[in-house]
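Everything on this sheet refers to the single structure shown next.
The values are calculated or read from the model by the stated rules, or taken from the named source; none is laboratory data. Note that the coordinates shown come from a computational prediction; the quantities given were computed from them, not determined experimentally. No Cβ is skipped: glycine too gets one built from the backbone with ideal geometry, and neighbour counts run over all protein chains shown. Keep in mind that these areas ignore ligands, DNA and RNA; they rest on the heavy atoms of the full protein, side chains included. Shrake-Rupley method; radii C 1.70, N 1.55, O 1.52, S 1.80 Å.
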Amino acid sequence: MPIAMLAEEVVDRIAAGEAIERPASVVKELIENAIDAAATAIHIETEAGGRKLLRVSDNGSGIRRGEIELAFKRHATSKLRHAEELTAIRSLGFRGEALASIAAVSQTTIITRHRDEKMGLRLQLQAGVLGRQQPVGAPAGSVITIENLFFNTPARLKFLKTDHTEKRQIYWVVARYALAYPQIAFALLNDGRERFRSSGSGQLADVVARVFGLREFKHMLPVWSDEAPRLGRVALGISGFASLPQLHRASRDRINFFVNGRAVQDSALTHALTQAYAGLLSPGAYPLAALMLTMPPDFVDVNVHPTKAEVRFRDQQLVFRAVQSAVRAALQAAAEHGADVDSWAVAGGRSGRGSPPLEASWRHSSVEDPFNSYAQDNMPERADAPLRPRTLPPLRVLGQAGAAYIIAEGPAGLYLVDQNAAHERLLYQQLRRDLENGGAPSQATAESQSFVLAADDAALLDETAGLFAQLGFELEGFGPNTFLARALPNLLCGQAPGDVITHILSRLRNKGKTAQCAALALAEIAATKRGQMLQIDDMRALIAELERCPEPHSAPSGKKTFVHITSEQLSAEFQRA
Ligand SMILES: Nc1ncnc2c1ncn2[C@@H]1O[C@H](COP(=O)(O)OP(=O)(O)OP(=O)(O)O)[C@@H](O)[C@H]1O
Ligand SMILES: [Mg+2]
């Protein structure tokens with residue numbers, strides 16, 4: 001449908017208000033426009049938390065040259081004509097307001113070419129006033145650049161938070177749309193650095209793993225239910241992922257609901273979800289979730305809030321019950337498959353109402369392999385994974401001491417686990433399994449990173465290139481003693497490739513040029529260091545893995561992984577004198 005001005009009586013029926021509050025609102029509106037234009041790739045760039053620059057590029061339909069000025073007029077839209085259509089909106093936009101509101105408070109440049117036209121157009125606006133227009137050659141799609149947001153509204157500029165906060169808000173906008181549209185490839189760059197990327201593979205599990213983290217994804221369950229339309233019933237679909245009870249947070253900020261592809265905030269939906277965990281989570285603990293609801297468009301009113309963030313259902317109770325029962329069913333199915341849904345966290349939560357049986361307080365997650373490779377991570381069907389035999393009793397993590405030791409208790413006393421040595425052991429075991437299975441998984445670097453080695457190291461690297469390839473390094477010569485890292489092992493996080501490689505080479509030189517030595521050296525340098533504060537979930541994942549590690553007592557380098565203080569030792573200590 002061409003872009004046209006809405007009739008006044010339609011405008012009057014649209015929920016009005018300020019839609020552009022901060023850089024993240026701009027990103028949201030521009031992403032929504034790109035999705036409505038059927039883009040399959042959306043690229044977002046920001047500078048200085050979005051204050052200085054925001055750019056959203058898409059490969060969607062583009063805007064016709066004859067319509068582009070209209071697109072920036074308030075109440076001009078191609079998505080709505082008649083007031084009756086407001087009751088069944090199928091697009092994300094419908095008010096014809098976003099571009100006008102954004103352009104009014106910024107310096108805007110749009111380059112767009114409609115897919116049916118040969119030439120594109122570049123148009124500039126300053127505080128909403130149309131400026132230069134010139135024909136340009138451009139790929140089909142649109143690139144919209146917003147510079148100096150709020151430059152003419154200092155009051156709003158003052159309300160912006162730190163760059164860090166604005167970046168986080170932008171990240172979550174992008175992450176939410178990536179979750180809602182796994183078939184679209186999203187990329188977010190902050191100040192030239194890649195912050196997020198989704199592949200556009202169409203696999204929701206891929207995006208959930210990227211947004212929530214691989215370890216968290218391990219503890220998430222697929223949720224699915226599909227209510228077929230029957231007489232008096234509405235077709236209501238629910239799909240997505242929700243966390244097992246052992247994975248939770250102190251706030252609701254990882255609960256994401258989408259209604260017909262729109263990210264919505266709805267306290268009733270959140271309440272329905274938390275109700276599904278009744279008795280499984282202690283008060284103040286909230287699950288993580290990404291749940292997509294689909295329903296007929298006339299069952300939901302999206303025209304209730306100026307930023308379209310809230311919706312109203314024709315029958316809220318029905319939606320509420322559907323969410324609750326879908327999540328509950330997923331949790332029950334997981335419990336039947338052997339996942340320990342009645343987690344120790346639950347036992348802990350109950351202790352105020354009488355202590356749980358002793359045995360129960362040792363129990364916690366039986367979801368295994370938190371350090372598995374990415375390929376395996378992408379499989380949502382975790383419950384059937386074969387368990388390795390236990391080598392330690394079930395341990396309950398109590399906390400961290402000195403940013404170096406994990407304090408845990410077991411049925412027979414206290415355990416002080418050296419986080420560095422234990423992680424080194426686990427990474428080494430993982431690498432051994434990977435090597436037996438043909439090599440360790442790697443991930444392409446966002447930008448190839450170059451590094452320079454000493455001449456003798458460079459010669460040794462040439463000689464042992466095969467070992468590095470098995471570990472997941474993809475390296476390329478780039479001049480005298482200079483190399484490019486195209487891909488790095490998955491288990492590295494953030495270390496400079498030059499440092500890692502120099503470390504491995506020194507071990508190979510001193511201890512032998514074997515795959516085993518190389519794996520050991522890589523585990524050493526990749527392991528969590530002492531001095532690093534750990535999140536409780538990370539500690540639990542590490543301990544759960546150690547409990548089933550074939551050699552849990554020492555790191556491959558010989559360091560002790562834990563000290564066990566038995567209950568007898570403890571009571572003897574206190575009863576002495
Ligand atoms: N990235 C884009 N690709 C193609 N067309 C676009 C794009 N962005 C905007 N348009 C066109 O410009 C029009 C105006 O966009 P704008 O965002 O202001 O309003 P809207 O999307 O119709 O409604 P809303 O204000 O609810 O977002 C759209 O209706 C659409 O036709
Ligand atoms: Mg729009």
**Item:** Pair-distance profile P(r), taking every C-alpha pair of segment 119-208, with 10 angstrom steps and integer %
**Value:** 13, 30, 33, 21, 2
**Message:** Taking the alpha-carbon distance from Lys559 and a cut-off under 24 Å, which lysines remain once sequence neighbours fewer than 8 residues away in the same chain are dropped?
**Reply:** Lys511, Lys513, Lys529
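Name the trypsin sites (Lys or Arg not before Pro) in segment 61-117 that are in a loop by DSSP and that have at most 14 other C-beta atoms within 10 Å, would you?
Arg81, Arg90, Arg115
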**Prompt:** Once the whole set of protein chains is in place, how much accessible area is left on Met533, using a 1.4 Å probe, in Å² to the nearest 10?
**Reply:** 150
**Prompt:** Once fully extended, how much extra length lies between Arg433 and Ala155, figured as 0.36 nm per residue of separation less the alpha-carbon to alpha-carbon distance?
**Reply:** 94.2 nm
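What is the extension gain from Ala459 to Arg530, computed as 0.36 nm multiplied by their sequence separation minus the C-alpha to C-alpha distance, in nm to one decimal? Intermediate values should be presented prior to the final figure.
Working: separation 71, 0.36 × 71 = 25.56 nm, distance 3.26 nm.
Separation in residues times 0.36 nm, less the Cα-Cα distance, equals 22.3 nm.
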**Prompt:** Over all directions, what mean area does the Cα convex hull of segment 205-339 project, stated in square nanometres?
**Reply:** 8.6
**Message:** Below 8 Å, C-alpha to C-alpha, sequence gap of six or more: please give me the relative contact order for segment 388-577 in percent.
**Reply:** 35
**Asked** Based on the Cα coordinates of the chain, what is the per residue volume of their convex hull in Å³?
**Response** 201
**Extreme residue, positive dipole direction of segment 188-229, given options Ser225, Gly202, Gly213 (C-beta unit charges)** = Gly213
**Message:** At 7 Å along Cα-to-Cβ for each site, give me the label-to-label distance between Ala83 and Leu130 in nm.
**Reply:** 3.0
**Request:** Round to the nearest 0.05 the FRET efficiency obtained for Arg168 and Ser325 when R0 = 25 Å and r is the Cβ-Cβ distance.
**Result:** 0.15
**Prompt:** If R0 is 51 Å, what FRET efficiency do you get for Ser251 and Glu573 from their C-beta distance, rounded to 0.05?
**Reply:** 0.80
**Mean Cβ neighbour count within 10 Å, used as a protection proxy, ranking 25-31, 83-89 highest first** = 25-31, 83-89
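Below 8 Å, C-alpha to C-alpha, sequence gap of six or more: please give me the relative contact order for segment 205-339 in percent. Mind showing how you got there, number by number?
On the way: 219 pairs, mean separation 36.8, N = 135.
Reported relative contact order: 27 percent.
By how many nm would the segment from Ala309 to Ala138 lengthen if fully extended, with 0.36 nm per residue of separation less the alpha-carbon distance?
On the way: separation 171, 0.36 × 171 = 61.56 nm, distance 3.31 nm.
So the extension gain works out to 58.2 nm.
Quick one: longest stretch of the chain between exposed loop chymotrypsin sites (Phe, Trp or Tyr not before Pro), exposed meaning at most 16 other C-beta atoms within 10 Å and loop per DSSP? Write down the numbers at each step before the final one.
On the way: sites that count: Phe151, Phe478.
No qualifying site falls inside 152-477, the longest such stretch.
At a threshold of 8 angstrom on Cα-Cα distance, excluding pairs fewer than six apart, so keeping six or more, what relative contact order does the chain reach in percent?
Working: 1147 pairs, mean separation 61.6, N = 577.
Once divided by the residue count of the chain, the mean separation gives 11 percent.
Only helical DSSP H runs with n ≥ 4 go in: add -39500 (n - 2.57) per run for the chain, normalise by residue count and round the 222 nm mean residue ellipticity to 500 deg cm²/dmol. All intermediate terms of the calculation are to be shown ahead of the outcome.
Numbers: 20 runs with 195 residues, N = 577.
Calculated at 222 nm, the ellipticity per residue is -10000 deg cm²/dmol.
Nearest 20 debye, what's the magnitude of the dipole of the chain about its Cα centre given +1 on Lys and Arg Cβ and -1 on Asp and Glu Cβ?
Details: 64 positive and 63 negative charges, 156 e Å.
Taking the Cα centre of the chain as origin, the dipole is about 740 debye.
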**Request:** Averaging over all projection directions, find the projected area of the Cα convex hull of segment 4-201 and quote it in nm² with one decimal place.
**Result:** 11.0
**Prompt:** In straight Cα distance, which lysines are under 18 Å from Lys167, not counting same-chain residues fewer than 8 positions off?
**Reply:** Lys28, Lys52, Lys158
**Message:** I want to check the label-to-label distance for Cys493 and Gln316. Put each point 7 Å from Cα in the C-beta direction and report it in nm to one decimal.
**Reply:** 3.9
**Asked** Can you work out the base-10 log of I(q)/I(0) for segment 388-577 at q = 0.12 1/Å, using the Debye formula on its C-alpha atoms alone?
**Response** -0.64
**Complete:** Among Gln265, His43, Ile184, the residue whose Cα sits farthest towards the positive end of the charge dipole of the chain (+1 at Cβ of Lys and Arg, -1 at Cβ of Asp and Glu, taken about the Cα centre) is Gln265
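Just the accessible area per residue of the chain, please: how many Å² with a 1.4 Å probe? Don't skip to the end; give the middle numbers.
Working: 26110 Å² over 577 residues.
Heavy-atom SASA per residue in the chain reads 45 Å².
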**Prompt:** Per-residue accessible area for His75 at 1.4 Å probe radius, Å² rounded to 10?
**Reply:** 40
